[in-house]
Structure formats: C-alpha cells, structure tokens
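K.L.:
Below are the structure tokens for one structure; questions will follow.
Values in this text are rule-based calculations from the coordinates and carry no lab data. The structure displayed is predicted, hence computed values, not measured ones. Positions of Cβ are backbone-derived with ideal geometry, glycine not excepted, and every protein chain shown enters the neighbour counts.
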Amino acid sequence: MSTQPIEEIVQRLTRWHFEIEEGIEQIIWFKNGGKNEIRLLEVNRDTFPEDKILVFYHRPTSEYPVPVRLADITPEEWEKVKKGLIPLPAGWSLDEAEIFERNKVLKTLKSNS
Amino acid sequence: MWSDAFLAQARSDWEIFEHLYESDFPECHALHYLQMATEKLAKAYLLAGPTDTKVVSSTHRALTSFLQKVSRNHGLQQAMLMTDKQLRAHVKRLLPLAFDIEKLAPKLAAGGPNPEYPWEAPKGAFQIPSTYEFQISKFLLEPRGHHLIRLIRIVLQKFHFLHQ
C-alpha cells in the first residue's frame, strides 16, 4: 500500500491528465473508493458517447501507486449523469465527490511554477 | 470463416487480459494477453476483407494496420457518433500507443522489453518480464490509452456491425 496521501496522488494524476489532454473539462473524483482505490470520471469533449459509463481498471505504478478506476464521458453525458439519466457504476456516489475544473487546476499550476 | 475464428479467440484473450490486469499476477502476463488479443482482433478484421490468410498469419504488425483501416469504417463512425474526419483524427492519436502494444511481441521487441522472455540490457544485466515495470502501463493510464481500450472493446463487441 502507498505511503503517499491519496489526495496528493489524485492531484498529480488529474493535473497530468489536464496537461496532456486538451478536451478534458472536468475530472470528478469519487472519494468512496477510499484510500485503496482512486475512482475518476473525466468529462472530455473529445471522447465519444455511448450513453453509459465504462470503467477500466489501471494497475498501480511506481508513479501512481494506487489502483485507478477510470472512465470518460462527453459533456452531454455528464449532464445526463447529473440528472440521473445515466447511472454511475455500482458503489460510486456524487454525494462524496470532488470536482476538479480544468481552468482552476491549470491556473494553480501556473501560479506555483 | 477464418475471420470468425480469429475474432472468437481475440474475445477470449481480451477477457483474460482484463482479468489478469486486475489481478495481483505480474503485469507481464496481462500485457502478453493484451498483445495477443489485439493482434488477433486486427487479423480478424483484415481477414474479413480481401487480405490473404498467408499475409495475415505471418505478421505481428497487424494492429496499426487495422486501426488505419478501421478509421475509415462507416459502421464505426456511426457506432462512435463521429464524422469521417473526427474518427480519423481520433485514431491517429492512438497509433503510437498501438505501435507500442505491437512491439510487445518478442519478434518485434528487438531484444528489448517484452512480456514473454528475459532480455539482456545493459550487457551483463538480465531483465525478467515478471519483475519488470513496463512503460506501457503508464501509457494505458493516459486518456489516449483509455480511448484505445474503449475502441478495442467496441470493435470486439460490434465487429459484425462494422462489416455491414
């Protein structure tokens, strides 16, 4: 198990994704994955819609030493998720979610550099 | 048909890949299945067209060729709700990663990292697949990695739709 705080790993991962993928507008971190698993939903205008959330598991690596379950959806699908028209994966809940906004994250990055 | 046989085996290999990738077994075993599943899926697609069986069975370089062809497929454009131009641009971004997956085949690894056999690098240092950290796992965690996984899943599921 990682000794790094999970918040730090999530911040690094989300920053990295915002930096390398222009189409990502928001990243939602579902905190009910606890400290043993990171659950992320990326709202990406350059992905394709399927009207469902398809999650893929990513193994821990030396850089991101916690398993990551990742899915991406279009902004239109995100609106449907918020209205309950597209279900979240089992065990994922918006009640315990934190939303990272592209502009805010990248602005913080610039002001820190 | 050869195409159906390759598709059936690709689907089975893909299931094993996902199962192993989520397990505690060394990642080399999952990556071996990722390479095999994508190669067989690519060959299934190529064999459903005019490509000769002998040409297909003798190459490990099928995935990138398959992606280039499938990027012009009208059925896939419909399935992904993309225009011709959007799909081609989408797939183009995935080609370097697809090339990395192809290179997992020992014959293409040029004596370097591969999930099946140990290799020597640098001289005198022997690398073992089961203890090696493959760069490709980080690449799969990138958004384009996720897009490639989704594309492969769609083609596996809707394979016959692509040939209507």
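K.L.:
Taking amide H positions as placed in the peptide plane 1.01 Å from N, state which residues far from A:HIS58 in sequence (5 or more) or on other chains have amide H under 5 Å from it.
P.N.:
When sequence neighbours closer than 5 places are left aside, the close amide H contacts are A:VAL68, A:ARG69, A:LEU70.
K.L.:
While we're here: Taking only pairs that are 8 or more places apart or on different chains, how many Lys pairs in the range A:6-108 have Cα atoms under 19 angstrom apart?
P.N.:
Lysine pairs satisfying the spacing and distance rule in the range A:6-108 number 4.
K.L.:
Among A:LEU13, A:PHE48, A:ILE73, flag the residue with its Cα farthest along the positive direction of the charge dipole of the range A:10-113, charges on Cβ as +1 for Lys/Arg and -1 for Asp/Glu.
P.N.:
Final value for the positive-end residue is A:LEU13.
K.L.:
Label points 7 Å out from Cα along the Cβ direction at A:GLU79 and B:GLN127: separation in nm?
P.N.:
The answer from the label model is 4.8 nm.
K.L.:
Continuing with this model, one more query. Normalised by the number of residues in chain A, what is the relative contact order in percent for Cα pairs under 8 Å and 6+ residues apart? Each step should come with its number before you reach the end.
P.N.:
Details: 175 pairs, mean separation 34.1, N = 113.
Value for chain A: 30 percent.
K.L.:
Under 5 Å between amide H atoms, partner at least 5 residues away or on a different chain: which partners does B:SER71 have, H built in plane at 1.01 Å?
P.N.:
Those lying under 5 Å, H to H, from B:SER71: there are none.
K.L.:
Could you give the size of the charge dipole of the protein assembly as shown about its Cα centre, using +1 on the Cβ of each K and R and -1 on the Cβ of each D and E, expressed in debye and rounded to the nearest 20?
P.N.:
On the way: 35 positive and 36 negative charges, 153 e Å.
Roughly 740 debye, rounded to the nearest 20.
K.L.:
OK, next. Sticking with the crude label model, points 7 Å out along Cα→Cβ, report the distance from A:GLU25 to A:ALA97 in nm, one decimal please.
P.N.:
1.4 nm
K.L.:
Continuing with the same structure: Can you give me the relative contact order of chain B as a percent, contacts being Cα pairs under 8 Å and 6 or more apart?
P.N.:
Working: 197 pairs, mean separation 37.4, N = 164.
Relative contact order of chain B: 23 percent.
K.L.:
Would you pull out the residues with amide H under 5 Å of A:GLU25's amide H, same chain only if 5 or more places away, H placed 1.01 Å from N?
P.N.:
Under 5 Å from the amide H of A:GLU25 lie the amide H atoms of A:VAL43, A:ASN44, A:ARG45, each far enough along the sequence or on another chain.
K.L.:
In whole Hz and in residue order, list the ³J(HN,Hα) couplings for the range B:99-112 that follow from phi through the Karplus curve 6.51 cos²θ - 1.76 cosθ + 1.60, θ = phi - 60°; x for Gly and Pro.
P.N.:
Those phi angles translate into 5, 5, 5, 4, 5, 5, 5, x, 5, 9, 6, 6, x, x Hz.
K.L.:
Calculate, for A:GLN4 and B:PHE99, the FRET efficiency according to 1/(1 + (r/R0)^6) with r their C-beta to C-beta distance and R0 30 Å; round to the nearest 0.05. It would help to have the intermediate numbers written out before the result.
P.N.:
Working: r = 32 Å, r/R0 = 1.07.
FRET efficiency, A:GLN4 to B:PHE99: 0.40.
K.L.:
Return the percentage of antiparallel bridges among DSSP beta bridges fully within the range A:6-108, rounded to the nearest 5 %.
P.N.:
Numbers: 14 of 20 bridges.
The answer is about 70 percent antiparallel.
K.L.:
Work out from phi, with θ = phi - 60° and the Karplus expression 6.51 cos²θ - 1.76 cosθ + 1.60, the ³J(HN,Hα) of each residue of the range B:68-77, listed in order in whole Hz, and give x for Gly and Pro.
P.N.:
5, 5, 5, 5, 10, 7, 5, x, 6, 4
K.L.:
Would you compute, from DSSP H runs of 4+ residues alone, the mean residue ellipticity of chain B at 222 nm, taking -39500 (n - 2.57) per run and dividing by the full residue count, rounded to the nearest 500?
P.N.:
Details: 8 runs with 100 residues, N = 164.
Helix contribution divided over all residues of chain B: -19000 deg cm²/dmol.
K.L.:
Report the residue, chosen from B:ASP13, B:ASP100, B:ASP52, that carries the largest GNM mean-square fluctuation when chain B is represented by alpha-carbon nodes joined by springs under 10 Å.
P.N.:
The residue that fluctuates most here is B:ASP52.
K.L.:
Within 10 Å of each Cβ of B:129-142, how many other protein chain Cβ atoms are there on average? Numbers along the way, then the final one.
P.N.:
On the way: counts 0, 0, 0, 0, 4, 2, 1, 0, 7, 7, 0, 5, 11, 5.
Mean shielding count: 3.
K.L.:
Under a point-charge model restricted to the Cβ atoms of Lys and Arg (+1) and Asp and Glu (-1), what is the dipole moment magnitude of the range A:6-108 relative to its Cα centre, in debye to the nearest 20? Walk me through the intermediate numbers first.
P.N.:
On the way: 15 positive and 20 negative charges, 53 e Å.
Result for the range A:6-108 is approximately 260 debye, rounded to the nearest 20.
K.L.:
Restrict the search to the range B:61-159; then list the trypsin sites (Lys or Arg not before Pro) that DSSP places in a loop and that have at most 11 other Cβ atoms within 10 Å of their Cβ.
P.N.:
On the way: sites: B:ARG61, B:LYS69, B:ARG72, B:LYS85, B:ARG88, B:LYS92, B:ARG93, B:LYS103, B:LYS107, B:LYS123, B:LYS138, B:ARG144, B:ARG150, B:ARG153, B:LYS158; in loops: B:ARG61, B:ARG72, B:LYS103, B:LYS107, B:LYS123, B:LYS158.
The qualifying sites are B:LYS107, B:LYS123.
K.L.:
A further question follows. With label points built 7 Å along Cα→Cβ from the Cα atoms of A:LYS35 and B:ILE16, find their separation and express it in nm.
P.N.:
3.8 nm
K.L.:
Go through the range A:49-66 residue by residue and turn each phi into a ³J(HN,Hα) via Karplus (6.51, -1.76, 1.60, θ = phi - 60°); whole Hz please, and just put x for glycine and proline.
P.N.:
So the Karplus estimates, Gly and Pro as x, are x, 10, 6, 7, 9, 9, 9, 10, 7, 10, 5, x, 10, 5, 7, 10, x, 9 Hz.
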